[in-house]
Structure formats: C-alpha cells, structure tokens
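The structure appears right after this line, and notes come after that.
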Amino acid sequence: MLGDKEEITTLLLESGSKGDIDTLKMLYHSGLKNLNDFTNIDERNIGHIAAADGQAEIIKYLKYTARLDFSQRDIWDRTPLDDAIHFKHHNIIK
C-alpha cells in the first residue's frame, strides 16, 4: 500500500475538493482501486467531496475510470448526487 490509510484518505479527499486530477490519477494508478473504502469521519468519500465542491472533472474520472460507487451514503444519509443537488452544481447533476 502507498502509506497510512488516514494519510491516503486525507490526500484523496483534498484532491477531490481542490480538483487536483493529477493527484487522483497518481493515487489510482499506483494501485488505490476501491476509492469507496477511503472515507472521513462523516463517512464521506471523494465522490461526496467533489460533488459538493463542484469538481466536474474529478466526478467524470471517478465515474468513467475509477468506477466509484456513487450510491454510498454518509452519516446524514446523503449520496454525492444529493450533495450536488444541495449545492446546485448542475454540471454534476447531469
């Protein structure tokens, strides 16, 4: 594995928030495959974070390359799509 799970989770979620596609690609192609396993204390994964922050390029990569499971729910029972709707990110809702 690349390192401590907590460190990887932090790096992964920050890349989703900032739209850092290069870091996401580096992590994914270094062997980090099940991205749904990396969640914060609120059970939010990179899909939740990227959708809430309007990071469409990250969402496309997660959907078409990493095959993220977007049905995963956080502790508030919200999916990444719910976050995109809440924050009115229409480019992600599509």
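The table below gives the values:
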{"item": "Matching residues, segment 58-85, being aliphatic (A, V, I, L, M) and either in contact with a strand residue (DSSP E or B) (Cβ under 6 Å, 6 or more places away or on another chain) or not in a helix (DSSP H, G or I) (or both)", "result": "Ala66, Leu68, Ile75"}
{"item": "Pairs, first among the aliphatic types (A, V, I, L, M) in segment 13-24, second exposed (fewer than 15 other Cβ atoms within 10 Å of the Cβ) and assigned to a helix (DSSP H, G or I), C-beta under 8 Å, six or more apart", "result": "Ile21/Glu57"}
{"item": "Members of segment 39-71 found to be in contact with a helix residue (DSSP H, G or I) (Cβ under 8 Å, 6 or more places away or on another chain) and on the phi > 0 side of the Ramachandran plot, listed by number", "result": "Gly54"}
{"item": "In segment 10-46, the residues that are part of a loop (DSSP other than H, G, I, E, B), loosely packed, with under 15 Cβ neighbours inside 10 Å, among the charged types (D, E, K, R) and at pLDDT 95 or above", "result": "Asp42, Glu43"}
{"item": "Verdict on Asp42 being touching an Asp or Glu at 6+ places or on another chain (Cβ under 7 Å) and of a type in the set (D, E, K, R)", "result": "yes"}
{"item": "Residue match in segment 66-87 (condition: under 19 Å from Ile21 (Cα atoms), crowded, with 17+ Cβ neighbours inside 10 Å, more than 11 Å from the chain's Cα centre (by Cα) and at pLDDT 95 or above)", "result": "yes"}
{"item": "Number of positions in segment 36-79 that are hydrophobic (A, V, I, L, M, F, W, C) and farther than 17 Å from Lys25 by Cα", "result": "6"}
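The values are calculated or read from the model by the stated rules, or taken from the named source; none is laboratory data. These numbers come from a predicted model, not from an experiment. As a convention, Cβ positions derive from the backbone with ideal geometry for all residues, glycine included, and neighbour counts pool all protein chains shown.
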